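Asker: Pasting a structure here, questions to come.
The numbers here are math on the coordinates, done by the rules we state, and not lab data. Everything quoted here is computed from the prediction, not taken from an experiment. Note that we place each Cβ from the backbone using ideal geometry, even for glycine, and neighbour counts take in every protein chain shown.
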Amino acid sequence: MTLCLLCDSELDETTKPEHVLLNALGGRKTTRCAICSDCNNRFGGTIDNELTSQVTAIRNLLQLESGIGHTAPTLKNLQAGTHKINMKGDGELELAGKPFTIEKLADGAWNVQIRARSEEHLAELVPHIAAALKIPEDRLREQLAAAQGSFITQRPGIIHHALSFGGPDAIRSIVKSGLILRSALVGNDEVRSAPYDRARQFVMNGGQLFNRDQTHLDSRFFEDVERMKAGFGPLFNLIYVRSDTTGRVVGHFTLYNMVAWQFVLAESGGTPSSKIALISNPLDPRQWSDRAAEDFDVPFEWLNNPDYSDEMARSKARVEAVLEYYVKSSTKMEHQRIIEECLKKVDLVPDEPIPQEKGAELAKLISTKFVHHAFSLRYEEKILPERMAEIFARKKDS
């Protein structure tokens, strides 16, 4: 009979799977042999949520999917210069607020302002606008076909994101991951035993003394960091738990290779001279390994002895590296988006040969949009009446 690490509930085939590394962080390895369903639910909505909420902006900016493939969360109602926008988890930006407004004029006419993300979105709004105006859709289509419209592209203003990592509840979640990973190596009976009591009590109930004395921010770089990055990406996650010859058990949790913590699971009495580690690639959650301790040997002495002599400098360097990665990757994706948009505009397909007669037109369009993007200039292109008619006719016939 196997009991939950944190309470006395029995575990069986009906137990809800627990992610060793949280699903929201890209974790894929699960177990039914560590935490009962009640504890899973209890801590998933509290301490685990506290940890994952701290990286919501990072996940959105880097478009990091969850372990089960869900897109990154959307950031809503962000102030970007003079506009408010939503940043979707797939990188798409949209203006926040209602997509259309209706104003009744003094002469009884209506002034309708529409803000659509695309031609398709514009056509999809027709039934909703018609319902609001209480007129037939066909009549609205006729009126909109003769209306004025523009495609407007503009880089948003600067968005300020406040980043904060750690805190008692987030650290409780981190220690929980260490306990679960340790149990995969030595079993629940050992992790439920007296040497681990302080760590278990901290996860269940918190505690200032344990948080102060047994957990530490530790931003040192692993000796094998370049090999870790080569195998699991520049933003790897890593949970590493190891014991010495006396059974002192120490864990290390690295989050996106950006921030890391050391924690003590047992002062002594654990299975001696044992180690286990889990590493994953948040940029591609399919890449992970629970045999990382065999591939990357992190000495116990290193784990057990944090060096704080230049902690601030290392922490700053880690965060700057992630931001640098974001700038490079997002710039590349935006350039690719502009190119694909321009290809579509001149009726060309990506990766196919470009006819000579369309080459000059494409080059002019791409260069114009690149310049507007680089200098944050507003790009506006009027929609001709014929095009407006095509948009709404196409939706009607589909």
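Asker: Relative to the present Cα-Cα distance, how much length would full extension add between residue 133 and residue 102 at 0.36 nm per residue of separation? Mind dumping the intermediate values first?
Answerer: Details: separation 31, 0.36 × 31 = 11.16 nm, distance 0.82 nm.
Value of the extension gain: 10.3 nm.
Asker: Straight distance only, please: which lysines reach the Cα of residue 104 with their own Cα at less than 18 Å, same-chain residues fewer than 8 apart left out?
Answerer: 134
Asker: What distance in nm lies between label points placed 7 Å from Cα along the C-beta direction at residue 267 and residue 14?
Answerer: 4.1 nm
Asker: Here is a follow-up. Test of understanding: extend the Cα→C-beta vector of residue 323 to 7 Å, then name every residue of region 48-80 with backbone N under 19 Å from that spot.
Answerer: It comes to 54-63, 79-80, nothing else.
Asker: So, one more: Taking 0.36 nm per residue of separation and subtracting the Cα-Cα distance, what length does fully extending residue 216 through residue 90 add?
Answerer: Working: separation 126, 0.36 × 126 = 45.36 nm, distance 3.43 nm.
My answer for the length gained is 41.9 nm.
Asker: What is the ratio of the Cα radius of gyration of region 165-308 to 2.2 N^0.38 Å, where N is its residue count, to two decimals?
Answerer: On the way: Rg = 14.2 Å, N = 144, 2.2 N^0.38 = 14.5 Å.
Normalised Rg, Cα atoms only: 0.97.
Asker: Would you work out the Kirkwood radius for region 1-108? I mean one over the mean of 1/r across all pairs of different Cα atoms, in Å.
Answerer: Final number for the Kirkwood radius of region 1-108 is 16.8 Å.
Asker: Over its Cα atoms, what ratio of radius of gyration to 2.2 N^0.38 Å does region 313-398 give? Display every interim value, and only then the final one.
Answerer: Numbers: Rg = 18.6 Å, N = 86, 2.2 N^0.38 = 12.0 Å.
Cα-based Rg divided by the globular estimate yields 1.56.
Asker: For the chain, which DSSP H helices look membrane-span-like by this rule: Cα extent along the axis of 20 Å or more and mean Kyte-Doolittle of at least -0.5?
Answerer: Long hydrophobic helices here: 168-186, 356-374.
Asker: Figure the gain on full extension for residue 143 and residue 356 (residue separation times 0.36 nm, minus the Cα-Cα span) and round it to one decimal in nm.
Answerer: Net length gain for the segment: 72.8 nm.
Asker: Using only Cα atoms, what Kirkwood radius does region 34-178 have, in angstroms?
Answerer: On the way: mean 1/r = 0.0525 Å⁻¹.
Answer for region 34-178: a Kirkwood hydrodynamic radius of 19.1 Å.
Asker: Could you work out Rg/(2.2 N^0.38 Å) for the chain, with Rg from alpha carbons only? If you can, show how the numbers build up before the last one.
Answerer: Values: Rg = 27.2 Å, N = 398, 2.2 N^0.38 = 21.4 Å.
Relative to the 2.2 N^0.38 Å estimate, the chain comes out at 1.27.
Asker: So which GluC sites (Glu not before Pro) in region 1-97 end up in coil per DSSP with only 16 or fewer other C-beta atoms within 10 Å? Write down the numbers at each step before the final one.
Answerer: Details: sites: 10, 13, 18, 50, 65, 92, 94; in loops: 13, 65, 92.
Answer in residue order: 13, 92.
Asker: Distance in nm between label sites at residue 368 and residue 291, each 7 Å beyond Cα in the beta-carbon direction?
Answerer: Rounded to a tenth, the inter-label distance reads 5.7 nm.
Asker: Starting from the alpha-carbon convex hull of region 79-153, give the projected area averaged over all orientations, in nm².
Answerer: The orientation-averaged projected area of the Cα hull of region 79-153 comes to 6.4 nm².
Asker: With r defined as the distance between the Cβ atoms of residue 153 and residue 37 and R0 fixed at 51 Å, what FRET efficiency is calculated, to the nearest 0.05? Mind showing how you got there, number by number?
Answerer: Numbers: r = 49 Å, r/R0 = 0.96.
The calculated FRET efficiency here is 0.55.
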